[in-house]
């Protein structure tokens with residue numbers, strides 16, 4: 001074995017050893033829920049990977065001035081209030097960005113302040129007062145003013161089973177703890193102003209006597225009891241892109257949105273399966289627009305699966321109606337750019353794969369990002385392959 005190969009193997013072995021050591025510091029979700037119930041802060045990481053990010057989290061009804069001050073002093077990130085969609089609507093809080101291309105990313109509403117009981121609004125006691133006012137079921141929109149110094153986030157219905165984000169995780173854990181379904185979260189930054197990664201988060205947790213939980217583990221915990229999709233109908237489809245497929249239509253039990261799986265061959269079992277998770281885009285998928293040099297590739301993915309004679313293409317539809325004008329204005333630069341669908345939002349797709357019996361994935365994607373929390377569904381990404389887009393035909 002040459003020196004370069006030996007160094008490479010040694011590096012891989014060391015990385016695996018360090019990852020195993022890091023994962024020993026992750027606490028079971030039932031312990032995280034118990035800490036939440038008792039008003040103790042904890043850290044949630046969005047993936048069991050050394051390059052992940054962590055947030056300080058506490059149920060909102062436990063957010064005292066001391067907690068807010070701790071987050072500001074030691075977390076250093078933006079302090080946000082995670083609320084259910086129902087509560088956001090009760091308070092009549094519009095989203096800060098209504099562009100459909102942003103709907104799947106973190107859903108910030110306008111900032112808020114308690115109408116009464118605050119001074120400047122920025123102090124820890126004032127922000128704690130605002131949080132308390134916002135989650136009090138006796139209060140309504142007249143008890144809140146905008147703008148302010150607390151930043152609400154709208155959690156997706158279905159929680160981490162729909163979107164594997166800190167916003168949804170904070171609400172889920174508070175609900176599982178029997179508390180008001182809301183949470184206060186704050187990103188943890190290192191001393192240089194960058195995002196703290198798992199090694200730094202472990203040191204932080206040890207120093208402050210906190211537990212660390214993983215969103216993937218929360219997904220696995222909820223999967224024991226909850227399911228947000230159901231199979232509606234299936235039929236055969238003959239396509240000029242990849243030939244014959246079995247088309248299975250699924251429906252979200254939360255939103256009524258229908259999603260489609262195009263299945264080729266027998267995909268159940270532990271043998272790796274070629275998979276494309278595709279967020280439907282009317283400009284590219286139906287109109288063949290080539291101006292956007294990212295995403296797309298639906299037909300190419302279907303042809304790759306067809307050539308392999310085994311695989312799944314999951315077509316994920318948005319939970320809200322698509323405004324074509326919003327898409328076009330974003331392309332023209334009139335509206336802020338943003339990811340139409342982040343990899344956090346593939347919880348529905350993961351449930352579909354699970355229903356089909358898929359276990360191990362060969363993911364067809366041009367994105368280097370990992371699908372956050374997918375391990376919580378019992379799915380493993382064995383390999384990622386790029387989808388080569390044909391610029392002479394439909395995307």
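Considering each residue of the stretch 92-108, count those that are buried (at least 21 other Cβ atoms within 10 Å of the Cβ) and modelled with pLDDT of 95 or more, and give that number.
1
For the stretch 115-148, how many residues are touching a strand residue (DSSP E or B) at 6+ places or on another chain (Cβ under 8 Å) and not in a loop (DSSP other than H, G, I, E, B)?
15
For residue 243, only one of the following conditions fails: (1) touching a strand residue (DSSP E or B) at 6+ places or on another chain (Cβ under 9 Å); (2) assigned by TED's automatic domain parsing to the domain that holds residue 109. What is its number?
(2)
Taking residue 368 and the conditions (1) at pLDDT 60 or above; (2) in contact with a strand residue (DSSP E or B) (Cβ under 9 Å, 6 or more places away or on another chain); (3) within 25 Å of residue 264 (Cβ to Cβ), which numbered condition does it fall short on, given that it satisfies the others?
Unmet condition: (3).
Test of understanding: among 169, 196, which residue is assigned by TED's automatic domain parsing to the domain that holds residue 87, touching a strand residue (DSSP E or B) at 6+ places or on another chain (Cβ under 6 Å), within 19 Å of residue 82 (Cβ to Cβ) and buried (at least 18 other Cβ atoms within 10 Å of the Cβ)?
That would be 169, the only listed residue that is assigned by TED's automatic domain parsing to the domain that holds residue 87, touching a strand residue (DSSP E or B) at 6+ places or on another chain (Cβ under 6 Å), within 19 Å of residue 82 (Cβ to Cβ) and buried (at least 18 other Cβ atoms within 10 Å of the Cβ).
If I ask for residues that are closer than 15 Å to residue 35 by Cβ and assigned to a strand (DSSP E or B), which ones from the stretch 149-193 would you list?
Once the filter is applied, which keeps residues that are closer than 15 Å to residue 35 by Cβ and assigned to a strand (DSSP E or B), the stretch 149-193 yields 183, 184, 185.
The values are calculated or read from the model by the stated rules, or taken from the named source; none is laboratory data. Worth saying up front: this structure is predicted, and the values here are computed from it rather than measured. So basically every Cβ, Gly included, is an ideal-geometry build from the backbone, and we count neighbours across all protein chains shown.
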